[in-house]
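In what follows, a structure is listed as structure tokens, so that the remarks can point back to it.
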Amino acid sequence: MGKMKLKKKADSATSDFIISWKKTNSIIAGIFTLIVISALPLVFRDYYFDILRVKYAFYYGTVLLMLAVTLIVAIIYIRIDNRLYKWANMKQICKGLTLRSLRKCDWAMIIFIITVAVSTFQSEYIYESFWGNEGRYMGLFLFLLYGASYFIISRFLSFRQWYLDAFLAAGMIACIIGILQYFKIDPIGFKAEIDPREYRMFTSTIGNINTYTSYLALISGMAVVLFTIEKNIYRRIWYLFNVIVSLFALITGISDNVYLALLALYGLLPLYLFSNIKGVKKYILLLAILFTEFQITGYINKRFSAHVLGIDGIFDIIAEFEYLAYLVILLWGAAVCLYIWDAHLSKKGAIRKERNTGRWIWLGVIVCAALSVCYALYDVNIAGNTERYGSLKTYLFIDDNWGTHRWYIWRIGMESYEKFPLIHKIFGYGPDTFGIITVQNYYEEMKSRYHEIFDSAHNEYLQYLITIGIAGLAAYLSLLFTSIVQMLRSSKKTPALMAIVFALVCYGAQAAVNISIPIVSPIMMTLLMIGVSVDRRADQS
């Protein structure tokens, strides 16, 4: 009996020791996660002049510090374990470190980092591939930081919804600054010394308007979903405020890239919401808010044109739609009716079952819409019926000038990829070496046609295909897919994870025409890490 009591006491001490270590690591992971998602978007030094370098240095400094602190804590606990427990805790921890403990998303991250490393060391430009100094600092070094922080945050972070609130709070500051700048009000002098030719191209504390768009895609995707799932009235008001401000910031952000994020958000949201009347009413309300903001912004642009930067492109098509006012009235009327009807059903105590009918109908709508777009592209570019589509022809007719020269960039990128030897087709030319490729092969053509040098594909997926190859692109897509699947599974117990899912989906949609740089991509990756940190113990058992 005495031996049994001693053994139980030893087991209890061992358990307490491991719990203490995990709690310490959880605090470390939580602090540094908050720094990345809430401080990185706002940090700057010399306004826009060195904003990429400053945010990149801030991120790698944060991660390296997190690694150092985690290592120091580990050394302290290991020494205590050796002195007091004769390595009992380390033996127990090592037993749990098996390949079976790794989830699919963990393997995807490991394979992704390995493929980027292989891409780097098989490149003719190893130094440039490691640091990304000839591009946007998206070299192997940054990806190694992603891998290290992934396994710390996904293993040790204790998820709390207020992490997402902190992310949104920082986003609101960035959004409000961007909105004020649209109205030619520069609250902290960001644009005081900027070149007048670039005045419209930079905004908020993020930088280039396209980078700003990718950040706002995360903010709006998260805010919208949190609003739809929140039950507490005060938090719901907070999320509604985030929805209104972030959507207005998206619209006044000027970049057309925003519409891919909005299309993904509003196009896929019904697949989540359309299981009952509550979901339908919230979706109609969100539609009403969006189109109301389009109408208000259009009115402001006409009435106070001298006091705003102005927007063109797709915004003009929406704002000048002759029936927009009637559509707004119809949406608000439908929203009010649905809210009254739902309140009536609640008062009667009616039982409303979850049904997938609405989701299947909406899926049919998505398929029909996709087929219509494909037909329109065929009709314009092959059949030659350009004039049939009015102002939309600018977006449907594809040539080298399409999308602010994006089609030209994509074309020369794919032409370069086709000429690669097999090893480069598999593992790419080296991380962030797109600029090296284009300068070597198309320098004179770029300068003569567009007076520019294109150092990025302006398509995150094509960029990865060319720089880290088909293996790297497949690994990256696998990481996104397996992480989202993991979050969908965990969202049954933690619905707030759906907000991260939609944030990632919105980011992924706009990434098809945008650049990945270490201003927003570390934030996106950290949100992914937060999402997969939930229910890790249950998943590993």
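Read-outs throughout are calculated quantities, based only on the coordinates presented, and are distinct from any laboratory measurement. These numbers come from a predicted model, not from an experiment. Glycine also receives a Cβ, built like all others from the backbone with ideal geometry; neighbour counts cover every protein chain displayed.
Mind ordering 179-185, 30-36 by average Cβ neighbours within 10 Å, highest first?
Details: 179-185: 16.4, 30-36: 19.7.
So the peptides 179-185, 30-36, ranked by packing, come out 30-36, 179-185.
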The range 371-518 - Kirkwood radius from inverse mean 1/r over Cα pairs (Å): 17.5 Å
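Let's see if you can work this out: charge +1 on each Lys and Arg Cβ, -1 on each Asp and Glu Cβ, no other charges. What is the dipole magnitude of the range 161-239 about its Cα centre, in debye to the nearest 20? Don't jump to the answer; show the numbers that get you there.
Values: 7 positive and 6 negative charges, 52 e Å.
Dipole size: approximately 260 debye.
Lysine pairs in the range 151-305 with alpha-carbon atoms under 19 Å apart, 8 or more places apart or on different chains: how many are there?
Details: 184/302; 231/278; 231/281; 231/282.
Eligible lysine pairs with Cα atoms under 19 Å apart amount to 4.
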Straight-distance crosslink candidates among lysines, where the alpha carbon sits under 26 Å from residue 23 and sequence neighbours closer than 8 are dropped: 7, 8, 9, 86, 91, 95, 104, 492, 493
Euclidean distance between Cα centres, the range 451-498 to the range 16-75, Å: 23 Å
Residue-wise HN-Hα coupling along the range 277-286, computed from phi with Karplus coefficients 6.51, -1.76, 1.60 (Hz; x: Gly, Pro): 5, 4, x, 5, 5, 5, 5, 5, 4, 5
All aspartates and glutamates inside 12 Å of residue 55 as judged from Cα atoms, apart from same-chain residues fewer than 8 positions distant: 46
Cross-link partners of residue 419 among lysines (Cα-Cα below 25 Å; sequence separation of 8 or more within a chain): 447
Alpha carbon convex hull of the chain, volume per residue in cubic angstrom: 190 Å³
Part-to-part distance (alpha-carbon centres) for the range 180-254 and the range 291-309, which is given in Å: 16 Å
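Where a ≥ b ≥ c are the square roots of the eigenvalues of the C-alpha gyration tensor, would you call the range 112-227 rounded, which needs a/c under 1.5, or, failing that, prolate if a/b is larger than b/c, or oblate? Don't skip to the end; give the middle numbers.
Details: a/c = 3.11, a/b = 1.29, b/c = 2.41.
It comes out oblate by the Cα gyration axes.
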Helix-only [θ]222 nm of the chain, DSSP H runs n ≥ 4, -39500 (n - 2.57) each, per residue, nearest 500: -23500 deg cm²/dmol
Charge dipole (debye, nearest 20) of the range 394-538; +1 at Cβ of Lys and Arg, -1 at Cβ of Asp and Glu: 820 debye
Fraction of alpha-carbon pairs over 16 Å apart in the range 204-315 - percent: 61 percent
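For the range 41-199, what ratio Rg/Rh do Cα atoms give with a Kirkwood hydrodynamic radius?
Details: Rg = 21.3 Å, Rh = 19.7 Å.
Over the Cα atoms of the range 41-199, Rg/Rh equals 1.08.
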Exposed GluC sites (Glu not before Pro) absent: longest stretch of the chain, with sites in DSSP loops and at most 14 other Cβ within 10 Å deemed exposed: 194-319
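If we count other beta carbons within 10 Å of each Cβ, what is the order of 451, 344, 424, fewest first?
Numbers: 451 7, 344 10, 424 21.
Ascending Cβ contact count within 10 Å gives the list 451, 344, 424.
For each of 269, 247, count neighbouring Cβ atoms within 10 Å of the residue's Cβ, then give the residues from fewest to most.
Values: 269 22, 247 25.
Ordered from fewest to most neighbouring Cβ atoms within 10 Å, 269, 247 come out as 269, 247.
Is there a quick way to get the dipole size of the chain? I mean about its Cα centre, with the Cβ of Lys and Arg at +1 and of Asp and Glu at -1; what is the value in debye to the nearest 20? Walk me through the intermediate numbers first.
Details: 52 positive and 37 negative charges, 780 e Å.
The calculation lands at about 3740 debye.
So if I average 1/r over every pair of distinct C-alpha atoms in the range 267-372 and take the inverse, what Kirkwood radius in Å does that give?
Working: mean 1/r = 0.0626 Å⁻¹.
Result for the range 267-372, one decimal place: 16.0 Å.
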Of 315, 329, 344, farthest towards positive along the dipole that unit charges on Lys, Arg, Asp, Glu beta carbons give the range 298-358: 344
Farthest positive-ward along the chain dipole, Cα basis, beta-carbon charges - from 166, 233, 85: 85
Cα-only Debye scattering, the range 464-508: base-10 log of I(q)/I(0) at q = 0.27, 0.28 Å⁻¹: -0.89, -0.92
